[in-house]
Amino acid sequence: MRRWLVTVNRTAGSSPTRVDRVREALGAAGVEADIEAPQSVAETREVILRGAGEGRTHFAVAGGDGTVNLAANILLDIQDMAPPVIGVLPGGSGCDLLRTFGLPQELGAAARHLATDDVYPIDVGTLVGAWGSRHFVNVAQVGVGAAAAQTAPKLSRRFGSARYPIAFAMRLPGFPPATVRVETERRTYESPALAVIMANAQFFAGGWNVAPKATLVDGVLDMQIINARKSQAPALVPKVIKGTHLTDRSVRRFSAATFRVETDISWPLEADGDYIGNTPVAGRVVSAALLLKI
């Protein structure tokens with residue numbers, strides 16, 4: 001039987017993920033695992049790199065989308081490594097990546113999935129800018145939504161999954177619209193906008209169905225230019241949450257395997273919920289880069 005290396009993010013979400021609960025859930029599911037609880041990003045990197053150096057192929061994370069992103073970036077930066085298997089034990093405010101696949105958000109049920117053999121090859125996105133390079137599994141964006149992701153971690157953890165919508169409401173009034181230019185392998189789009197979405201999966205922000213037609217196996221990203229006026233944004237948000245916004249006149253949707261986004265005003269960029277830098281940004285899809293445990 002495979003043996004998993006499990007890293008636990010004890011600071012994810014409004015309540016810490018307890019190592020004893022993870023160990024109990026894995027034991028009840030009959031999953032063989034070595035469990036680590038690193039104290040920092042640097043320690044997490046050390047644990048995962050050591051595991052990869054030992055020849056491990058199965059890595060699980062207990063945390064949210066940011067924890068998945070961290071593990072994916074560490075593993076994907078290893079030269080000549082075959083696509084690793086990544087499993088997710090949801091913690092924090094939940095995991096939007098699991099929502100795309102309809103996988104359980106409850107720890108015990110998710111642990112039982114690690115005991116089976118089923119894996120799903122998934123694409124990842126790669127972003128490049130003046131700040132360096134970064135992979136993302138779920139959703140990246142520039143604009144007002146990225147500004148909200150920049151502010152949300154500064155809010156009290158007691159707000160839980162409400163931190164993002166609160167941060168969005170805080171940043172929207174003063175956020176500067178821009179003229180965006182999006183170049184893809186097929187054509188170039190230019191438009192006034194409040195945001196540009198680059199979606200590999202369907203959900204972000206704790207259940208917002210921003211890209212209901214996205215799939216992680218088609219070799220392209222689901223791209224959206226949101227050109228709503230700021231006064232229209234509050235009415236658009238409920239549609240985004242439900243995934244009914246694609247027919248709105250302020251949304252321009254297309255797909256791209258490669259892209260470059262430029263803005264006439266510097267805009268923030270976030271990937272899988274983490275602010276990483278500012279525009280301009282270029283990106284591409286890496287097909288079947290990870291094997292997701294389902």
**Request:** Could you work out which residue, out of G51, G145, G91, moves most in a Gaussian network model of the chain, that is, has the largest mean-square fluctuation with Cα springs under 10 Å?
**Result:** G51
**Prompt:** Looking only at S250, S156, S191, which one moves most when the chain is put into a Gaussian network model with springs between Cα atoms under 10 Å?
**Reply:** S156
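Using alpha carbon coordinates only, what is the Rg to Rh ratio of the chain, with Rh defined as the Kirkwood radius? Present the calculation step by step, with values, prior to reporting the outcome.
Numbers: Rg = 18.6 Å, Rh = 19.3 Å.
Over the Cα atoms of the chain, Rg/Rh equals 0.96.
Please report, in debye to the nearest 20, how large the charge dipole of the range 94-209 is about its Cα centre when each Lys and Arg carries +1 at its beta carbon and each Asp and Glu carries -1 there.
It works out to roughly 540 debye.
If N is the number of residues in the range 193-294, what value comes out of its Cα radius of gyration divided by 2.2 N^0.38 Å? Intermediate results must be reported in sequence, preceding the final value.
Values: Rg = 13.8 Å, N = 102, 2.2 N^0.38 = 12.8 Å.
Against the compact-globule rule of thumb, the ratio is 1.09.
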**Fill in**
Classified through the alpha carbon gyration tensor (a ≥ b ≥ c as square roots of its eigenvalues; rounded if a/c is under 1.5, else prolate when a/b is larger than b/c, else oblate), the range 1-160 comes out oblate
**Prompt:** Which angle between 0 and 90 degrees, to the nearest 10, do you get for helix 65-76 versus the longest principal axis of the chain when only C-alpha atoms count?
**Reply:** 70
**Request:** Mind counting lysine pairs for me in the chain? Cα separation below 28 Å, and the two need to be 8 or more apart along the chain or on different chains.
**Result:** 10
**Sequence-separation-based contact order of the range 30-148, relative, with Cα cut under 8 Å and 6+ spacing, percent** = 24
**Prompt:** Which percent, to the nearest 5, of DSSP beta bridges fully inside the chain are antiparallel?
**Reply:** 75
**Prompt:** Given +1 on the Cβ of Lys and Arg, -1 on the Cβ of Asp and Glu, and no further charges, what dipole in debye does the chain carry about its Cα centre, rounded to the nearest 20?
**Reply:** 940
**Fill in**
Residue-normalised value, i.e. accessible area per residue, for the range 85-190 at 1.4 Å probe, in Å², stands at 42
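Which trypsin sites (Lys or Arg not before Pro) does the range 195-255 hold that lie in a coil by DSSP with at most 14 other beta carbons within 10 Å?
Answer by residue number: K213, R229, K230, R249.
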**Complete:** Ranked by GNM mean-square fluctuation in the chain (Cα springs under 10 Å), the top entry among M223, M198, M81 is M81
**Request:** Take every Cα pair under 8 Å in the chain that's 6+ residues apart, average their separations, divide by the length, and report that relative contact order as a whole percent.
**Result:** 22
**Asked** In degrees between 0 and 90, to the nearest 10, how far off the longest principal axis of the chain does helix 41-53 point, with axes built from Cα atoms?
**Response** 60
**Under-5 Å amide H pairs with A62, H placed in peptide plane, nonlocal only** = T7, V8, N9, L89
**Asked** Using the alpha-carbon atoms, what tilt in degrees (0 to 90, nearest 10) does helix 19-28 show relative to the longest principal axis of the chain?
**Response** 70
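Could you compute the FRET efficiency for S287 and S40, with r as their C-beta to C-beta distance and R0 at 35 Å, rounded to 0.05?
0.65
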**Message:** Taking θ = phi - 60°, what integer Hz values does the Karplus form 6.51 cos²θ - 1.76 cosθ + 1.60 yield along the range 210-216, in sequence order, with x for Gly and Pro?
**Reply:** 6, 9, x, 9, 6, 9, 8
**Asked** Under the Karplus relation 6.51 cos²θ - 1.76 cosθ + 1.60, θ = phi - 60°, what is the ordered set of whole-Hz ³J(HN,Hα) values for the range 253-266, x standing for Gly and Pro?
**Response** 10, 7, 10, 7, 8, 9, 7, 9, 10, 10, 10, 6, 10, 4
**Asked** Excluding the sites themselves, what is the longest stretch of the chain that contains no GluC sites (Glu not before Pro) in a DSSP loop with at most 15 other C-beta atoms within 10 Å?
**Response** 186-294
**Message:** Between the range 1-77 and the range 234-251, how far is it from one alpha carbon centroid to the other, in angstrom?
**Reply:** 35
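The values are calculated or read from the model by the stated rules, or taken from the named source; none is laboratory data. For clarity, every value in this text was computed on a predicted model and none was experimentally measured. Heads up, the Cβs are rebuilt from the backbone with ideal geometry, glycines too, and the neighbour counts pull from every protein chain shown. Quick note on the areas: whole protein, heavy atoms, side chains included, nothing else; ligands and nucleic acids left out. Shrake-Rupley method; radii C 1.70, N 1.55, O 1.52, S 1.80 Å.
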